[in-house]
Amino acid sequence: MSEFITYRYNDCTVKALQMLPATASDIVTALGTEAGNGLLASLSMTYNSVTMTYDCTFRYKIDSTDQKLTNGNYIVLHTSGQYSVISAADFLSNYTPA
(Lines give C-alpha, C1' and ligand atoms only; values in the text may rest on other atoms or scores of the structure.)
Protein backbone atom coordinates (compact mmCIF):
# COMPACT_ATOMS: atom_id res chain seq x y z
CA MET A 1 0.00 0.00 0.00
CA SER A 2 1.39 3.40 -0.99
CA GLU A 3 1.34 6.24 1.49
CA PHE A 4 1.07 9.91 0.64
CA ILE A 5 4.53 11.44 0.33
CA THR A 6 5.41 14.75 2.00
CA TYR A 7 6.44 17.68 -0.24
CA ARG A 8 7.32 21.33 0.43
CA TYR A 9 5.67 24.18 -1.45
CA ASN A 10 6.41 27.83 -0.68
CA ASP A 11 7.32 27.01 2.91
CA CYS A 12 4.16 24.95 3.28
CA THR A 13 4.25 21.19 3.68
CA VAL A 14 1.63 19.18 1.80
CA LYS A 15 1.10 15.50 1.10
CA ALA A 16 0.58 14.24 -2.43
CA LEU A 17 0.36 11.18 -4.64
CA GLN A 18 0.66 10.87 -8.37
CA MET A 19 -2.13 8.88 -10.03
CA LEU A 20 -0.33 5.73 -11.15
CA PRO A 21 -1.34 2.05 -11.17
CA ALA A 22 0.59 1.52 -7.92
CA THR A 23 -1.16 4.41 -6.11
CA ALA A 24 -4.65 4.32 -7.63
CA SER A 25 -6.13 2.23 -4.82
CA ASP A 26 -4.87 4.61 -2.13
CA ILE A 27 -6.24 7.63 -3.98
CA VAL A 28 -9.64 5.98 -4.51
CA THR A 29 -9.72 5.10 -0.81
CA ALA A 30 -8.85 8.68 0.21
CA LEU A 31 -11.57 10.18 -1.98
CA GLY A 32 -14.05 7.55 -0.82
CA THR A 33 -13.30 8.52 2.78
CA GLU A 34 -13.99 12.18 1.97
CA ALA A 35 -17.33 11.16 0.45
CA GLY A 36 -18.11 8.90 3.41
CA ASN A 37 -17.44 11.81 5.77
CA GLY A 38 -20.04 13.86 3.88
CA LEU A 39 -17.55 16.43 2.58
CA LEU A 40 -18.07 15.95 -1.16
CA ALA A 41 -20.98 17.23 -3.19
CA SER A 42 -20.07 14.84 -6.01
CA LEU A 43 -17.67 12.00 -6.73
CA SER A 44 -17.25 9.93 -9.88
CA MET A 45 -14.55 7.33 -10.44
CA THR A 46 -14.17 5.33 -13.64
CA TYR A 47 -11.55 2.64 -14.16
CA ASN A 48 -9.35 3.31 -17.19
CA SER A 49 -8.17 -0.05 -18.51
CA VAL A 50 -5.60 1.59 -20.80
CA THR A 51 -3.71 3.36 -17.99
CA MET A 52 -4.79 0.89 -15.25
CA THR A 53 -5.75 3.86 -13.07
CA TYR A 54 -8.97 5.73 -12.30
CA ASP A 55 -10.33 8.89 -13.84
CA CYS A 56 -11.77 10.74 -10.84
CA THR A 57 -13.96 13.81 -10.71
CA PHE A 58 -14.88 15.29 -7.35
CA ARG A 59 -16.16 18.50 -5.83
CA TYR A 60 -16.29 19.61 -2.24
CA LYS A 61 -19.57 21.01 -0.93
CA ILE A 62 -17.91 24.39 -0.37
CA ASP A 63 -16.55 24.58 -3.94
CA SER A 64 -18.22 25.35 -7.24
CA THR A 65 -15.60 23.75 -9.51
CA ASP A 66 -14.99 20.06 -10.15
CA GLN A 67 -11.50 18.62 -9.64
CA LYS A 68 -10.53 16.14 -12.37
CA LEU A 69 -7.76 13.64 -11.65
CA THR A 70 -6.37 11.46 -14.42
CA ASN A 71 -3.33 9.27 -14.93
CA GLY A 72 -0.04 11.02 -14.15
CA ASN A 73 -1.49 14.03 -12.38
CA TYR A 74 -1.15 14.66 -8.65
CA ILE A 75 -3.73 14.76 -5.89
CA VAL A 76 -2.53 17.10 -3.14
CA LEU A 77 -3.72 17.12 0.47
CA HIS A 78 -3.42 20.73 1.61
CA THR A 79 -3.05 21.94 5.19
CA SER A 80 -6.75 22.89 5.03
CA GLY A 81 -7.54 19.16 4.93
CA GLN A 82 -8.90 19.27 1.39
CA TYR A 83 -7.58 17.59 -1.74
CA SER A 84 -6.96 19.32 -5.04
CA VAL A 85 -5.62 18.17 -8.39
CA ILE A 86 -2.45 19.60 -9.91
CA SER A 87 -1.05 18.69 -13.30
CA ALA A 88 2.20 16.75 -13.25
CA ALA A 89 4.05 19.61 -14.99
CA ASP A 90 2.89 22.22 -12.47
CA PHE A 91 3.48 19.93 -9.52
CA LEU A 92 7.03 18.99 -10.52
CA SER A 93 7.98 22.61 -11.21
CA ASN A 94 6.59 23.98 -7.93
CA TYR A 95 6.95 21.25 -5.32
CA THR A 96 10.08 19.61 -3.93
CA PRO A 97 10.37 16.59 -1.62
CA ALA A 98 10.53 17.68 2.01
(request) Enumerate the residues in the range 70-98 having an amide nitrogen under 17 Å from the point lying 7 Å beyond the Cα of Arg8 toward its Cβ. (result) 79, 92-98
(request) Report, in deg cm²/dmol and to the nearest 500, the calculated mean residue ellipticity at 222 nm for the chain, where each DSSP H run with n ≥ 4 adds -39500 (n - 2.57) and the sum is divided by the residue count. (result) -6000 deg cm²/dmol
(request) DSSP loop (so not H, G, I, E, B), at most 14 other Cβ within 10 Å: list which trypsin sites (Lys or Arg not before Pro) in the range 5-89 pass both filters. (result) Lys61
(request) For the chain, give the percent of accessible area contributed by carbon and sulfur heavy atoms, probe 1.4 Å, rounded to a whole number. (result) 51 percent
(request) Kindly report the accessible area of the chain per residue (heavy atoms of protein chains, probe 1.4 Å, no ligands, DNA or RNA), in Å². (result) 57 Å²
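Output needed for the chain: three equivalent-ellipsoid semi-axes, defined as square roots of 5 times the C-alpha gyration tensor eigenvalues, in descending order, whole Å.
Over the Cα atoms of the chain, the ellipsoid semi-axes are 20, 17, 12 Å.
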(request) Please get the size of the charge dipole for the chain, origin at its Cα centre, with Cβ charges of +1 on Lys and Arg and -1 on Asp and Glu, quoted in debye to the nearest 20. (result) 60 debye
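The values are calculated or read from the model by the stated rules, or taken from the named source; none is laboratory data. Source: prediction; values computed, not measured. Methodologically, a virtual Cβ is constructed for each residue, glycine included, from the backbone with ideal geometry; neighbour enumeration extends over all protein chains shown. Accessible surface is based on the protein model in full, side chains and every heavy atom, while ligands, DNA and RNA are left aside. Shrake-Rupley method; radii C 1.70, N 1.55, O 1.52, S 1.80 Å.
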